[in-house]
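Peer 1: Take a look at the following structure, please.
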Amino acid sequence: MQYTLHQLRIFLRVVATRNITRAAEELHMSQPAVSIQLKNFQKQFDLPLIEVVNRRIHVTDFGQEIARSAEIILNEVYAINFKMHAHEGRLTGKLRIAAVSTAKYVAPYFLAGFMRANPGVELALDVTNKAQVLARLEENSVDFAFMTVPPEHLQVDALPLFPNRLYLVAHPDFLPSLPTDAPEVFASLPLIMRERGSGTRHVLEGFLLANNVRVLPQLVLTSSEAVKQAVLAGLGCSVMPLVGIRNELASGRLHILPVRGFPITSMWSLVSLSAKLPTPAAQAFLTHLDATRDATIAQHFAD
């Protein structure tokens, strides 16, 4: 057999994602390139590794066995590299992190110092929606996740970072003569919301339920950036995290609307599976975070 480590990595991503397109995105490869390498890998085995049924990928029992062996092999390769660089006094390995879309305003600040101090560590940072972040955690394909509402259906450890403050914001044209009581405010303004399942919407729905406020969103969008652009264009107002709108508030392009009970808050956290044993790179990041977290928050996120 003449399979390569590269083919093993590709096969493991396909097994984890059950989707060639998604595997290609995570590997930063084209879909045809992944398909070719997967086909070449399959040629080296007499039994099928995967089957496609109704356009869905299913991993055979034999494929599962090969995937487990592939994971062991790749872990050993990482261990060899780690030991080699450890003798040289350098940390190496891969740090895999998923982050909800709004965390693009948060995660880089906690990662920058660590990556500068450890150039031998390879960072894979996937910024996506919450559903995909939960999928990454559930399939055990990441070391950590940056999010605000940890999942209840998984056994996870959540390291609190700092409060995530949410405000009702709008284009300046919406400012004159607004009420301050939540029922009247949300009844009088067109509301733009995130999709169901997002952390921002989860916290907002909790506030609305607690205050007996019923709203019918005018527009539902699937990313924080899309929501912000819609609000900037004057399509309506929205409840948004402060971390993502600081520049727009400072420039006057967005304004905070005064509503009793606001801001509402959640907590930015670094989440990991409780049963997951941290890799050397993951453990080193936790150690770094413990030493630098307060200074990072004071420098970049102090209100």
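Peer 1: Take the conditions touching a helix residue (DSSP H, G or I) at 6+ places or on another chain (Cβ under 7 Å) and of a type in the set (S, T, N, Q) and apply them to Ser251. Does it pass?
Peer 2: no
Peer 1: Would the stretch 160-183 turn up any residue that is polar (S, T, N, Q) and more than 22 Å from His255 (Cα to Cα)?
Peer 2: no
Peer 1: Against the condition of a type in the set (A, V, I, L, M, F, W, C), crowded, with 16+ Cβ neighbours inside 10 Å, modelled with pLDDT under 90 and in contact with a helix residue (DSSP H, G or I) (Cβ under 6 Å, 6 or more places away or on another chain), how does Val213 come out, does it pass?
Peer 2: yes
Peer 1: Moving on. Does Ala16 satisfy the condition of being assigned to a helix (DSSP H, G or I) and more than 20 Å from Leu137 (Cα to Cα)?
Peer 2: For Ala16, the condition - assigned to a helix (DSSP H, G or I) and more than 20 Å from Leu137 (Cα to Cα) - is not met.
Peer 1: Scanning for something modelled with pLDDT under 90 and at positive phi, does the stretch 84-92 turn up at least one residue?
Peer 2: The answer is yes, given that some residue of the stretch 84-92 is modelled with pLDDT under 90 and at positive phi.
The values are calculated or read from the model by the stated rules, or taken from the named source; none is laboratory data. Remember, it's a predicted structure, so these values are computed and weren't measured experimentally. Please note: Cβ atoms are built from the backbone with ideal geometry, for glycine as well, and neighbour counts cover all protein chains shown.
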